[in-house]
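What follows is a set of notes on a single structure, which appears directly below.
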Amino acid sequence: MAFTLFQSTLLSKPSLFSYRRSFAFCIQLSSFSTSSAFPSDKFQPNKKWRQPVASVLELGGVKIAKDEIVRDDPTNNVPDSIFSKLGMQLHRRDQHPLGIMKNAIYDYFDTNYPNKFDKFDDLCPIVSTIANFDDVLVPTDHVSRSYNDTYYVDSETVLRCHTSAHQAELLRGGHTHFLVTGDVYRRDSIDSTHYPVFHQMEGVRVFTPADWEASGTDATSYAAEDLKKCLEGLARHLFGGVEMRWIDTYFPFTNPSFELEIYFQDDWLEVLGCGVMEQEILKRSGRVDNVAWAFGLGLERLAMVLFDIPDIRLFWSNDERFTSQFSKGQLGIKFKPFSKYPPCYKDMSFWISDSFTENNLCEVVRGIAGDLVEEVKLIDNFTNKKGMTSHCYRITYRSTERSLTDEEINDLQWRVREQVETKLLVVLR
Ligand code: PHE
């Protein structure tokens, strides 16, 4: 499963919220970083491996306290572990594989379209639901709007779930060629290619009638052809001779829409979504006579293929054995795994309730085990004669950095069992 906007999950009803704050200060081009770190005991069950969670972020000179983003309120579902990722901006580190990827893509655009594309890589990830969904025509009943799939700060503010959240705003600002890179946030399952924070780059190019009129084709075909040519060129620039294929798909904001897949570890891996921008988006930004293409690519996906990085958690590692293997501008380096510590499997069976979702389970597990959890996988599922449904999940614990002790894993598993029962209202078997 890849990072499309249409994974089908339950849409839970947003509740009334009692507290709302304006994020108007979260302006375009503001860069922010963690300004101070006060560990909170409540959220740090195991200090041995947990990083301290900052209590305040600084956003363009304005401080945002953790309790404004992480709240015990039905309209808020941002856990502490996610707050701690805000402002890390891995894509802005030139020595980090994600920064190296971003710069390599910049090089492609700079070479092929000199001085054409405006680049943004520090737009605020806290955006309105209007920017994240409405502006890019995501229907009101679309699953991506659900609390199960997206992190809500309040009922009108989310952690952006895609860089497309900035399309309309930049078009309205008069930009016609742009690249937006940023951290994006999605509640999701747990495995080696999924992490609740990852990084995307959005590209948009607007054409005027003069561009396609000379070509003898219609505007949409012209844009679609240009888009595929551009992205195939990019894939060759990054990968050389990798196998790739185009898949027709659906996005609310493009028509026609495509996905590009790359052959990786014996499987086809979806690395980007793209298409010809829906005319309505251009119209609303005052560009009735134009057509445009847009793409959104996952930097982790590309970097995993390119650097042979086998597990998405490694991008967050501060372990020198990982970080020291990469240097600025070096694209072709193959990551040499420094260890394969033994995995530990723990199975857990329970009768689910109506409100149970796998994303909620994964959030509980991550909240307790952090990056020590490698995978959460449904291995058995049945419904008995009384109509009760049982799920059995296998949790794989494995550190990318060290061996885990039995005691440590047993402790984690007990806490997972406890919280799964109390928070998810399931009955353990
Ligand atoms: N926003 C889409 C996603 O995150 C990717 C995309 C961007 C698709 C732009 C089409 C155009 O899945």
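The values are calculated or read from the model by the stated rules, or taken from the named source; none is laboratory data. Model, not experiment: these values are computed from the prediction. Note: ideal-geometry Cβ built from the backbone for every residue, glycine included; neighbour counts use all protein chains shown. These area figures cover heavy atoms from the full protein model, side chains too; ligands, DNA and RNA do not enter into them. Shrake-Rupley method; radii C 1.70, N 1.55, O 1.52, S 1.80 Å.
Only one of R205, R236, R245 is open to solvent by 20 Å² or more (accessible area, probe 1.4 Å), away from the ligand (no atom under 16 Å from the Cβ) and either in contact (Cβ under 8 Å) with a residue 40 or more places away in the chain or within 23 Å of the chain's Cα centre (by Cα) (or both). Can you tell me which?
That would be R245, the only listed residue that is open to solvent by 20 Å² or more (accessible area, probe 1.4 Å), away from the ligand (no atom under 16 Å from the Cβ) and either in contact (Cβ under 8 Å) with a residue 40 or more places away in the chain or within 23 Å of the chain's Cα centre (by Cα) (or both).
Tell me yes or no: at least one residue of the stretch 245-259 is touching a helix residue (DSSP H, G or I) at 6+ places or on another chain (Cβ under 9 Å) and at pLDDT below 95.
Checking the stretch 245-259: not a single residue is touching a helix residue (DSSP H, G or I) at 6+ places or on another chain (Cβ under 9 Å) and at pLDDT below 95.
Listed here are the residues, each with its yes/no results for (1) away from the ligand (no atom under 16 Å from the Cβ); (2) more than 30 Å from L361 (Cα to Cα).
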site: L86; (1), (2): yes, no
site: G99; (1), (2): yes, yes
site: F109; (1), (2): no, yes
site: N112; (1), (2): yes, yes
site: K119; (1), (2): yes, yes
site: A131; (1), (2): no, no
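Looking at the stretch 333-344, which of its residues are exposed (fewer than 11 other Cβ atoms within 10 Å of the Cβ) and either in contact (Cβ under 8 Å) with a residue 12 or more places away in the chain or within 24 Å of the chain's Cα centre (by Cα) (or both)?
K334, P342
In the stretch 257-274, what residues are on the phi < 0 side of the Ramachandran plot and more than 10 Å from the ligand (Cβ to nearest atom)?
Selection gives L260, E261, I262, Y263, F264, D267, W268, L269, V271.
Check the stretch 293-305 and report whether any residue there is under 22 Å from R398 (Cβ atoms), away from the ligand (no atom under 16 Å from the Cβ) and among the small types (G, A, S).
Yes, some residue in the stretch 293-305 is under 22 Å from R398 (Cβ atoms), away from the ligand (no atom under 16 Å from the Cβ) and among the small types (G, A, S).
Under 8 Å between Cβ atoms, which residue pairs at least 6 apart in sequence (or on different chains) link something in the stretch 167-190 that is among the polar types (S, T, N, Q) with a partner that is open to solvent by 20 Å² or more (accessible area, probe 1.4 Å)?
Q167/D135; T176/R205; T181/K119; T181/D121; S189/M1; S189/E358
Output the residues belonging to the stretch 393-429 that are hydrophobic (A, V, I, L, M, F, W, C) and either assigned to a helix (DSSP H, G or I) or closer than 26 Å to K340 by Cα (or both).
I395, L404, I409, L412, W414, V416, V420, L424
Considering only residues that are open to solvent by 10 Å² or more (accessible area, probe 1.4 Å) and either in contact with a Cys (Cβ under 6 Å, 6 or more places away or on another chain) or in contact (Cβ under 8 Å) with a residue 60 or more places away in the chain (or both), which ones fall in the stretch 133-147?
D135, L137, P139, D141, H142, V143, R145, Y147
Taking the stretch 286-297, which residues are among the small types (G, A, S) and surrounded by 22 or more Cβ atoms within 10 Å (Cβ to Cβ)?
Matches in the stretch 286-297: A292, A294, G296.
Residues of the stretch 154-173 being of a type in the set (D, E, K, R), within 10 Å of V184 (Cα to Cα) and away from the ligand (no atom under 13 Å from the Cβ), which ones?
If the condition is that a residue be of a type in the set (D, E, K, R), within 10 Å of V184 (Cα to Cα) and away from the ligand (no atom under 13 Å from the Cβ), then no residue fits.
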